[in-house]
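The values are calculated or read from the model by the stated rules, or taken from the named source; none is laboratory data. This structure is a prediction, so every number in the text was calculated from the model and none was measured. Glycine also receives a Cβ, built like all others from the backbone with ideal geometry; neighbour counts cover every protein chain displayed. Surface accessibility is based on the protein's heavy atoms, side chains included, excluding ligands, DNA and RNA. Shrake-Rupley method; radii C 1.70, N 1.55, O 1.52, S 1.80 Å.
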Amino acid sequence: AMEMEAAIGFLGKVNFIITEMCRNDQFAIDRVGPIPAPMEKKAGKFRGQLILKSTSRGMMQEFLSQLCPRIEALRTPAGVRWSVDVDAQDLT
């Protein structure tokens, strides 16, 4: 669906930013995705996800504090909303 393509495309741009931020080894972040969420469609909305993992909670907090403003600066496609879920237990 076009909606899922828009979501995954947007997450691809976020993934590129993450790659740039990790390039100088300041951050050690593992990634899974961008991929459709386990419950791909919920309440009529298509959902994608990009999972970030780090062994250091402090590093992840610092990373997210720098990443979120950069995501906000991206041009978000119409109909695409994004959010950050820290310590996600239930990835549905």
>> Taking R0 as 30 Å, what FRET efficiency do you get between residue 55 and residue 3 from their Cβ-Cβ distance, rounded to the nearest 0.05?
In response: 0.30
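Tell me the volume per residue, in Å³, of the convex hull enclosing the alpha carbons of segment 12-89. Numbers along the way, then the final one.
On the way: hull volume 7.6 nm³, N = 78.
Looking at segment 12-89, the number lands at 97 Å³ per residue.
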> Helix 2-22 versus the longest principal axis of the chain: what angle, 0 to 90°, nearest 10, using Cα atoms?
Replying inline: 0
>> Quick query: amide H of residue 48 versus all other amide H atoms, modeled in the peptide plane; which residues come in under 5 Å with a sequence gap of 5 or more or a different chain?
In response: 37
> Residues of the chain: accessible area per residue at 1.4 Å, in Å²?
Replying inline: 69
> Top mean-square fluctuation among 78, 37, 28, Gaussian network model of the chain, C-alpha springs under 10 Å?
Replying inline: 78
>> With a 1.4 Å probe and all protein chains kept in place, how much accessible area does residue 60 have, in Å² rounded to the nearest 10?
In response: 30
> Using alpha carbons only, how many degrees (0 to 90, rounded to 10) separate the axis of helix 57-73 from the longest principal axis of the chain?
Replying inline: 50
> In segment 1-65, what GluC sites (Glu not before Pro) fall in a loop by DSSP, with at most 15 other Cβ atoms inside 10 Å?
Replying inline: none
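Take the chain, mark every one of the trypsin sites (Lys or Arg not before Pro) that falls in a DSSP loop and has at most 14 other Cβ within 10 Å, then report the longest stretch left between them, sites excluded. Don't skip to the answer; put the middle values down first.
Working: sites that count: 23, 75, 81.
The segment 24-74 is the longest one with no such site.
Please report, as a whole percent, how much of the solvent-accessible surface of the chain comes from carbon and sulfur atoms (probe radius 1.4 Å). Kindly include the intermediate steps, with their values, before the conclusion.
Details: 3230 of 6350 Å².
Its accessible area is 51 percent carbon and sulfur atoms.
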